[in-house]
Amino acid sequence: MPRVVLATKHEKARLIAPCLAPLGYFIEESSSFDTDSLGTFAGDIKRTLTPPQAALTKARKACELTGSDWGLGSEGSFGGGPAPGLINWNQEVLCLYQHSTGLSVYAKASGPTSLQGFHGQDGLLEHLNQYPKQRWIMRRFEQIDKGLSADEIFELWQSHEANVDNIQIEPDLRAMHCPERQLMIAKAGQDLARRLSEKCPQCQQVNFVIKEKQPGLPCAMCSLPTHQVKLSVRICDGCAYRSPEPQPVSRADPKYCQFCNP
Ligand SMILES: [Zn+2]
Ligand SMILES: [Zn+2]
C-alpha cells in the first residue's frame with residue numbers, strides 16, 4: 001500500500017485521505033516543510049510560483065524531508081475564473097509525486113465563492129454570521145491577527161472602538177479555517193482518485209484521461225464544422241498511447257453553428 005506524505009500545516013489530510021483510501025493509498029500528514037515559505041493568502045509572504053508549481057514543490061519537499069517515495073502537495077488560489085471581477089473564484093490544485101519514477105499527477109477542482117472581506121461596523125455581525133465556522137483576519141495598520149472567530153473579532157473590535165475606521169476584516173483562507181475551501185479540496189481529492197484509477201491499457205501508467213479535445217463537430221443542419229468537440233483523446237504520459245473516446249453525439253445542435261445561427 002503506497003504511503004503518501006502530504007506536506008501541509010493546515011490539516012488537509014482528513015479532506016483527501018477518504019478519496020484515496022479505496023485505491024489503497026494511505027495519506028500521512030507532515031509539517032516538516034514550512035509550506036507558508038512559498039507564500040500565504042494573507043500576503044505577509046509573497047507567492048512567486050504558479051499554483052501547480054507550488055503544489056509540485058510541496059510534494060517533492062515532502063519526499064525529500066521524510067524519505068517517502070510518494071509526496072502530495074496542495075495549493076489553493078482565489079481570483080480568475082469565468083467572470084473575473086464579478087464572481088470570486090476558488091481553484092484547488094493537488095500534485096501527487098513519485099520520487100523513484102518522477103511521475104507527477106495533477107488534479108484540480110474549482111468553483112465560485114461568495115467569501116469576501118468587510119470594512120466598517122454596520123452589518124458586520126450579519127456578514128460574519130453568514131459563514132458559520134469560517135475564521136477571519138483582522139488588519140489594523142501593520143498588524144495582522146489571523147484565525148479569529150466571530151466572537152474574537154467582536155472582542156478585538158470593542159477594544160479598538162476609538163479607531164474602527166482603520167480596521168479591515170478579511171476571511172482567513174487557510175484550509176483549516178475555511179469550510180468552502182475544505183469542500184473544494186475534497187473535490188480535487190476525488191479528481192485525483194479518478195485519475196489514479198484510469199490506467200493505460202498498454203503500460204498501466206495512471207492518469208490515462210482525456211487530455212486533448214478537437215473542435216469541429218459538424219452542424220446537424222448544414223454539416224459545416226462548429227466549435228463543438230468532434231474528438232476527445234485519452235493520452236498516456238508514460239508511453240504516449242492515444243485512445244479516441246466515442247463522442248456522445250455525432251452532430252452539433254445548429255444553435256452552435258456560425259452559419260445557421262450567427
Ligand atoms: Zn449549420
Ligand atoms: Zn501507457
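The values are calculated or read from the model by the stated rules, or taken from the named source; none is laboratory data. This structure is a prediction, so every number in the text was calculated from the model and none was measured. We place every Cβ from the backbone using ideal geometry, glycine too, and count neighbours over all the protein chains shown. What goes into the accessible areas is simple: the full protein's heavy atoms, side chains included, and nothing from ligands, DNA or RNA. Shrake-Rupley method; radii C 1.70, N 1.55, O 1.52, S 1.80 Å.
Whole Å is fine, so just give me how far the alpha carbon centre of segment 202-227 lies from that of segment 1-75. For segment 202-227 versus segment 1-75, the Cα centre distance is 33 Å. How far, in degrees from 0 to 90, does helix 150-159 lean away from the longest principal axis of the Cα atoms of the chain, to the nearest 10? With both axes taken from Cα atoms, the answer is about 40 degrees. For segment 174-262, the square roots of the Cα gyration tensor eigenvalues, ordered a ≥ b ≥ c, give a/c of at least 1.5 with a/b no greater than b/c, which places it in the oblate category. For the chain, the longest principal axis of the alpha carbon atoms and the long axis of helix 179-197 meet at an angle near 30°. Based on C-alpha pairs under 8 angstrom that are at least 6 apart in sequence, segment 210-256 has a relative contact order of 39 percent. The residues GLU142, GLU170, GLU126, GLU75, sorted by heavy-atom accessible surface at 1.4 Å with ligands and nucleic acids left out, run GLU142, GLU126, GLU170, GLU75 from largest to smallest.
Which order do TYR25, TYR256 take by accessible area at a 1.4 Å probe, largest first?
TYR256, TYR25
Judged by the mean number of other Cβ atoms found within 10 Å, the most tightly packed of the peptides 61-71, 114-124, 234-244 leads the ranking 61-71, 234-244, 114-124. The lysines whose alpha-carbon is closer than 19 Å to the alpha-carbon of LYS9, local same-chain residues fewer than 8 away aside, are LYS46, LYS58, LYS61, LYS133, LYS146.
What does the charge add up to near ARG135, with Lys and Arg as +1, Asp and Glu as -1, over the other residues with Cβ less than 13 Å from its Cβ? That works out to -3.
The residue among LEU65, THR101, THR113 whose Cα reaches farthest toward the positive pole of the charge dipole of the chain, with charges on the beta-carbon of Lys, Arg, Asp and Glu, is THR101. Remark: segment 26-42, residue by residue, has Karplus-estimated 3J(HN,Hα) of 9, 9, 10, 8, 9, 10, 5, 9, 6, 4, 5, 5, 8, x, 10, 5, 5 Hz, where x stands for each Gly or Pro and the curve is 6.51 cos²θ - 1.76 cosθ + 1.60 at θ = phi - 60°. With coordinates expressed along the principal axes, the C-alpha atoms belonging to segment 210-256 extend over 41, 15, 12 Å, beginning with the largest.
The 3J(HN,Hα) values that the Karplus relation (6.51, -1.76, 1.60; θ = phi - 60°) gives for segment 72-86 are, in residue order, 10, x, 9, 9, x, 8, 10, x, x, x, x, 9, x, x, 9 Hz. Gly and Pro appear as x.
Against the chain, whose longest principal axis is taken from its Cα atoms, helix 51-66 shows a tilt of about 80°. For LEU231, which sequence-distant residues (separation of 5 or more, or a different chain) have an amide H within less than 5 Å of its own amide H, given hydrogens modelled in the peptide plane? Answer set, sorted by chain and number: GLN214. Loop-located chymotrypsin sites (Phe, Trp or Tyr not before Pro) in segment 129-192 (DSSP state not H, G, I, E or B) with no more than 16 neighbouring Cβ atoms inside 10 Å: PHE141. Neighbours of CYS95, meaning other residues whose beta-carbon lies under 14 angstrom from its beta-carbon, give a summed charge of +2 when Lys and Arg score +1 and Asp and Glu score -1. Binning the alpha carbon pair distances of the chain at 10 angstrom intervals from zero yields the distribution 7, 23, 26, 21, 14, 7, 1, 0, expressed in whole percent.
On a 1.4 Å probe surface of the protein chains, which of ASP44, ASP172, ASP36 comes out largest in accessible area, and what is the full order?
These residues rank, largest area first, as ASP44, ASP36, ASP172.
Relative contact order of the chain: 14 percent, from C-alpha pairs under 8 Å at least 6 residues apart in sequence. If you take every DSSP beta bridge fully contained in the chain, what fraction is antiparallel? Give it as a percent rounded to 5. So the antiparallel bridges amount to about 80 percent of the total.
THR113 contributes an accessible area of around 20 Å² to the protein surface, as traced by a 1.4 Å probe with all chains present.
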